[in-house]
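Right, one structure below, let's go through it.
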Amino acid sequence: MRTDIFARLDREPEPPKIEPPRMSRHRIALFGGTLAFYLAIVVAVLVSSWLVALDWKVMLFRPYQQWPEIHAFLDYYIVLGQRGPTATMVACWLGWRSWRQHTLRPLLTLAAALLLLNVSVGAVKIGLGRLGPHYATQIGSAELFAGGDIFPSGHTANAVVTWGILAYLATTPRARRYLSALSAIVSLGVGLTTVYLGTHWLSDVLLGWAAGLLIMLGLPWVEPLITRAEAWIFAQRENLRGRGPVPSVPVASGGPRPVPLPHPESRDAVAQEPAVAAAGGGIRSRSHPAHPSHPSQHLVRSERSPVTPTGSRRPPHADRAPRGGTSPARPVAGG
């Protein structure tokens, strides 16, 4: 057994027993509070309340002009909220974990979370159709139902889900706490970066945080479906392995070769041959004439009668004298 620092890179001998999180009362209370906050943000934007006025104040303040020295850094930092790069990095890490632990749960959990994210956030984006700050047409307006797609913020929600999935799948309480704090800091920074760059309203970011947190809190309800999907995938893999070709047995050099089975027609023909008569009046089989008329009618070696050191096992013919003996005297006609 390896004891160096690279031992954790080896594959575990058997899948670990990891209990998935359950919907405890504490988690249900957090889910309910986050859902209420989500609905409150939507209603506040629909009625053009003080939140919409705050959106305009922050936009007209133009943070990217107030602190231009950090603009270049935040242009790169915003990538931590883009779905393509972040999902690829996290999928590579979770794929290695799936291989090492003999389970597909990490990858299936990530896929389920991203699917819920695209469906829930995308439906609200298209349904409300809010325009971004750079495309606003009327000061003080909520800019709803105008063909936009920025409410809620997809970058913010994706940062919450993509980096939060690492904390959700952590195997120890200590790692879960550290990863939860890291994902919170990253998602908070991504949301504020979109406000700094002027690509989202402040209310977009607030709703994006709530949307991502709702998905993370509701993932335990999807765990039974993930378990069934993993069992089905493994069952299909075993079925494909069972339908594969039969492996050929290698033969050592100089060893005996496997004898091929005769064709079914040849077996039927041999079974229908008449048996050789008993000693004293034996006759040749009709299927093997004494003098074949064609070379192909000669007997093959495998059909000949086996010969032993003491002679042939075929019964002797009455009209043929044994080799090496004296022929019996025949009567002379007319003597």
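The values are calculated or read from the model by the stated rules, or taken from the named source; none is laboratory data. It should be emphasised that the depicted structure is a prediction, and the values quoted were computed from it without experimental measurement. Note that we place each Cβ from the backbone using ideal geometry, even for glycine, and neighbour counts take in every protein chain shown. Note: areas computed on protein heavy atoms with side chains; ligands, DNA, RNA excluded. Shrake-Rupley method; radii C 1.70, N 1.55, O 1.52, S 1.80 Å.
Could you tell me whether any residue of region 91-108 is over 30 Å from Pro13 (Cβ atoms), modelled with pLDDT of 90 or more, in contact with a Gly (Cβ under 7 Å, 6 or more places away or on another chain) and of a type outside the set (Asp, Glu)?
Checked region 91-108: no residue is over 30 Å from Pro13 (Cβ atoms), modelled with pLDDT of 90 or more, in contact with a Gly (Cβ under 7 Å, 6 or more places away or on another chain) and of a type outside the set (Asp, Glu).
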Answer residue from region 173-187, given it is free of Cβ contacts under 8 Å to residues at least 12 places away in the same chain and under 19 Å from Arg105 (Cα atoms) and is least open to solvent (accessible area, probe 1.4 Å) among those:
Ala175
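Conditions tested, residue by residue: (1) crowded, with 18+ Cβ neighbours inside 10 Å; (2) out of contact with any His (no Cβ under 7 Å at 6 or more places or on another chain); (3) of a type outside the set (Phe, Trp, Tyr); (4) within 20 Å of Leu54 (Cβ to Cβ).
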| residue | (1), (2), (3), (4) |
| --- | --- |
| Gly154 | yes, yes, yes, no |
| Thr171 | no, yes, yes, no |
| Ala211 | yes, yes, yes, yes |
| Ile215 | yes, yes, yes, no |
Inspect all residues belonging to region 71-90 and state whether any of them is farther than 28 Å from Ile18 by Cα, of a type in the set (Gly, Ala, Ser) and surrounded by 15 or more Cβ atoms within 10 Å (Cβ to Cβ).
yes
Kindly indicate whether any position in region 235-249 is open to solvent by less than 100 Å² (accessible area, probe 1.4 Å), within 21 Å of Leu169 (Cα to Cα) and at pLDDT 55 or above.
no
Lone unmet requirement of (1) modelled with pLDDT of 95 or more; (2) open to solvent by 50 Å² or more (accessible area, probe 1.4 Å) for Val42:
(2)
Across region 96-151, what is the total count of residues that are under 30 Å from Pro224 (Cβ atoms), open to solvent by less than 60 Å² (accessible area, probe 1.4 Å) and in contact (Cβ under 8 Å) with a residue 60 or more places away in the chain?
16
Residues within region 188-209 that are part of a helix (DSSP H, G or I) and open to solvent by less than 10 Å² (accessible area, probe 1.4 Å), tallied
9
All positions within region 47-70 that are charged (D, E, K, R) and either open to solvent by less than 60 Å² (accessible area, probe 1.4 Å) or free of Cβ contacts under 8 Å to residues at least 40 places away in the same chain (or both)
Asp55, Lys57, Glu69
